[in-house]
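First comes the structure, then the notes that go with it.
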Amino acid sequence: VSEACLEHQLATAVGAEHVLLDPDRVASYATDWTRRWTGRPLAVVRPGSTAEVAAVVEICGALDVPIVPQGGNTGLVGGGVPRSDGGQLVLSTSRLTRLDPVDVAAAQVTVGAGVTLGELQRHARAAGFSYSIDLAARDTATVGGTVATNAGGLHVIAAGDTRAQVLGIEAVLADGSVISRLAGLVKDNTGYDLAGLLTGSEGTLGVITAVRLRLAPPAAQSPYVVLVGLPGIEAALPLLRQSGLTAAEFMTDAGMRLVVEATGLPRPLPHDHAVYLLLECTGEPMLPEDVEAAVDQRLWAYREGHTEAIATRGVPHKLDVSVPLARIPALLADLPGVVGEYETYVFGHLGDGNVHVNVLGPAPDDDRMDDAVLRLVAAHGGSISAEHGIGVAKTRWLELSRSPTEIAAMRRIKAALDPRGLLNPGVLLP
Ligand SMILES: Cc1cc2nc3c(=O)[nH]c(=O)nc-3n(C[C@H](O)[C@H](O)[C@H](O)COP(=O)(O)OP(=O)(O)OC[C@H]3O[C@@H](n4cnc5c(N)ncnc54)[C@H](O)[C@@H]3O)c2cc1C
């Protein structure tokens, strides 16, 4: 590629100030949140409209330059940063910040891909609604990124994942064509569900530019947030049977100690416990009389502080997995046998059978421990990715969770929509 030619064409399409080449200015787009994945972008381009995204995709197509779509760069599987060969363009969605008025009658809203989750939540609240997807990276993660990864988060148990909120998508496909289906039709059986297909496609099938989302009615009252101290994970499972349960998160003593140290928060309960369960319910949860518990909205800080507290200890290998709920105790019992002496923190969305295994110690490119953990998860009948996606981190193990026939079908979809492999090559499909 003639870099001067690419730069000139991109500058004509989006304005020179939105084509970044200076190594200092592109640095934050080149390394992921965990610092485990780092690459070298050919350039970073920030289109300001769907038409500009289409123009960028066409230019890159003509010059054979692969594109890595990037939202808030909070993804945890390396899918939003370029590879290290210096040949890929980062397409940042940060200027796609359309925020339409809330459609009050339909309880829906159309938002640009670059709007952050936090902005969307505030926008919905101001109109008397809420948006059901929430996660600790809310002020940086974008709507486009959460749709592209089908993010889960804290309330999947009550409201489903991102896919369950998506009613329509606007996206630029690899040939520069635009699909736009933002009417928000609740009933629409007219063939393949392209919005559903693009949701969770991790930037490999199209660049999402806007989304039509379902909103929820506001909660009648503030929910109860209860933190319970327990002797082990087995004791947590029966406590999930609560009416009006909207979140059920677990932590262990090691993670709790780390969060307390990193944040300066006081210990949440008078005694230490092997396992902590945080329950959020619309009504008062039913608890056994002999458990130690505290009730306070602010207890969320102990759970939400985990990811950042772990990052203060080094570059973690993050393995976001799920198993059938009944297998969680067995999985946690078997984990020490495969991670060995490495410093390990486990926590997660217990109600969804979702465990975040965080291991510190192995070099970023040493994935032997990852291999052992993911095989253990598969042996317990689980999924190698619960909510973060496959990215570049887990392509090698996709076959543990998807059959050869499914992978072949996914490859055919990719080949049909992006025959030249322009969009996020190396991500998702091995
Ligand atoms: C502290 C913390 C807590 C987190 N908690 C959760 C959690 O509870 N649940 C959860 O699911 N995740 C969680 N995450 C992970 C992360 O926030 C989500 O994966 C989020 O969806 C990523 O959004 P993003 O805008 O940062 O996307 P990026 O990191 O920029 O990109 C992620 C992927 O999506 C693609 N992509 C981004 N935007 C677009 C677009 N417009 N069109 C096409 N492809 C696109 C990228 O190419 C990449 O493959 C957490 C992360 C952090 C740092």
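Quick check: the angle from helix 50-63's long axis to the longest principal axis of the chain, C-alpha only, nearest 10 degrees?
Orientation of helix 50-63: about 70 degrees from the principal axis.
Can you tell me the mean projection area, over all orientations, of the convex hull of region 11-59's alpha carbons? Units nm², please.
Directional mean of the projected Cα hull area for region 11-59 stands at 3.9 nm².
When a footprinting reagent is the concern and you count Cβ atoms within 10 Å, what order do Leu331, Leu422, Leu135 take, fewest first? Don't skip to the end; give the middle numbers.
Working: Leu331 24, Leu422 21, Leu135 18.
Placing the least packed residue first, the sequence is Leu135, Leu422, Leu331.
Lys and Arg at +1, Asp and Glu at -1: add these up for the other residues within a Cβ distance under 15 Å of Leu42 and post the number.
Working: positive: Arg25, Arg40, Arg46, Arg83; negative: Glu3, Glu7, Asp22, Asp64, Asp85.
Once all neighbours under 15 Å are counted, the net charge is -1.
Fewest first, what order do Glu284, Glu170 take by the number of other Cβ atoms within 10 Å? Before the final figure, lay out the partial values.
Numbers: Glu284 11, Glu170 25.
Exposure proxy ranking, most exposed first: Glu284, Glu170.
At q = 0.12, 0.20, 0.30 Å⁻¹, what is the log10 ratio I(q)/I(0) for region 136-194, with the Debye formula run over Cα points and no solvent?
-0.37, -0.92, -1.29
Got a sec to turn the phi values of region 246-259 into Karplus ³J(HN,Hα) couplings, 6.51 cos²θ - 1.76 cosθ + 1.60 with θ = phi - 60°, whole Hz, x for Gly and Pro?
So the Karplus estimates, Gly and Pro as x, are 10, 7, 8, 10, 10, 9, 10, 4, 4, x, 4, 4, 5, 5 Hz.
Report the charge-dipole magnitude of the chain in Debye, nearest 20, computed about the Cα centre from +1 at each Lys and Arg Cβ and -1 at each Asp and Glu Cβ.
Numbers: 33 positive and 48 negative charges, 148 e Å.
Dipole size: approximately 700 debye.
Applying a 10 Å radius around every beta-carbon, put 6-16, 235-245, 31-41 in order of their mean neighbour count, most first. Mind dumping the intermediate values first?
Working: 6-16: 17.4, 235-245: 15.3, 31-41: 19.4.
By packing density, highest mean first, the sequence is 31-41, 6-16, 235-245.
For region 289-367, which GluC sites (Glu not before Pro) are in a loop by DSSP, counting at most 15 other Cβ atoms within 10 Å? Each step should come with its number before you reach the end.
Values: sites: Glu289, Glu292, Glu304, Glu308, Glu341, Glu343; in loops: Glu289, Glu341.
Sites meeting the loop and neighbour criteria: Glu289, Glu341.
Could you put Phe250, Phe129 in order, starting from the residue whose Cβ has the fewest other Cβ atoms within 10 Å? Numbers along the way, then the final one.
Working: Phe250 25, Phe129 21.
Neighbour counts put them in this order, fewest first: Phe129, Phe250.
Based on the Cα coordinates of the chain, what is the per residue volume of their convex hull in Å³? List each step's numbers first, then the result.
Numbers: hull volume 62.3 nm³, N = 430.
For the chain, the hull spanned by Cα atoms encloses 145 Å³ per residue.
Averaging over every viewing direction, what projected area does the convex hull of the Cα atoms of region 228-323 cover, in nm²? Walk me through the numbers before you get to the answer.
Values: hull surface 26.8 nm².
Across all orientations, region 228-323 yields a mean hull projection of 6.7 nm².
Taking the Cα centre of region 100-210 as origin and charging only Cβ (+1 Lys, Arg; -1 Asp, Glu), how large is the dipole, in debye to the nearest 20? Write out the running numbers ahead of the final one.
Numbers: 6 positive and 11 negative charges, 44 e Å.
Value, rounded to 20: 220 debye.
Putting +1 on Lys and Arg Cβ atoms and -1 on Asp and Glu Cβ atoms, find which of Leu198, Thr307, Val338 reaches farthest to the positive end of the dipole of the chain.
Farthest towards the positive end: Leu198.
Modelling each spin label as a point 7 Å along the Cα-to-Cβ direction, I'd like the Val260/Ala379 distance in nm, to one decimal.
Computed distance between label sites Val260 and Ala379 equals 3.4 nm.
Karplus couplings for region 398-409 from phi (6.51 cos²θ - 1.76 cosθ + 1.60, θ = phi - 60°), rounded to Hz, Gly and Pro as x?
So the Karplus estimates, Gly and Pro as x, are 3, 5, 6, 10, 10, 6, x, 5, 5, 5, 5, 5 Hz.
Taking the Kirkwood radius as the inverse of the mean 1/r across Cα pairs, report the Rg/Rh of region 35-152.
Details: Rg = 15.6 Å, Rh = 15.2 Å.
Computed over Cα atoms, the ratio is 1.02.
Share of antiparallel DSSP beta bridges in the chain, in percent to the nearest 5?
Values: 56 of 65 bridges.
So the antiparallel bridges in the chain amount to around 85 percent.
Using modelled backbone amide H atoms (1.01 Å from N, in-plane), which distant-in-sequence or interchain residues come within less than 5 Å of Leu99's amide H?
Placed amide hydrogens put Gly112 under 5 Å from Leu99.
Grab the other residues whose beta carbon is less than 11 angstrom from that of Ala379, score K and R as +1, D and E as -1, and report the net.
+1
Work out the charge dipole of region 165-282 with +1 on the Cβ of Lys and Arg and -1 on the Cβ of Asp and Glu about the Cα centre, then indicate which of Met256, Ala235, Ala274 is farthest towards its positive end.
Ala235
When only Cα pairs under 8 Å and 6 or more residues apart are kept, what is the percent relative contact order across the chain? Before the final figure, lay out the partial values.
Values: 926 pairs, mean separation 66.2, N = 430.
Computed over the chain, the figure is 15 percent.
Given Thr97, Cys60, Ser49, which one lies farthest toward the positive end of the charge dipole of region 31-126, if we put +1 on the Cβ of every Lys and Arg and -1 on the Cβ of every Asp and Glu?
Most positive-ward Cα: Thr97.
Per-residue HN-Hα couplings for region 371-378, Karplus 6.51 cos²θ - 1.76 cosθ + 1.60 at θ = phi - 60°, whole Hz, x for Gly and Pro?
4, 5, 5, 5, 5, 4, 4, 4
Bear in mind these aren't lab numbers, they're just calculated from the coordinates by the rules spelled out. All values reported here derive from a predicted model rather than from experimental measurement. For neighbour counting, all protein chains shown are included, and Cβ atoms are generated from backbone atoms with ideal geometry for every residue, glycine included.
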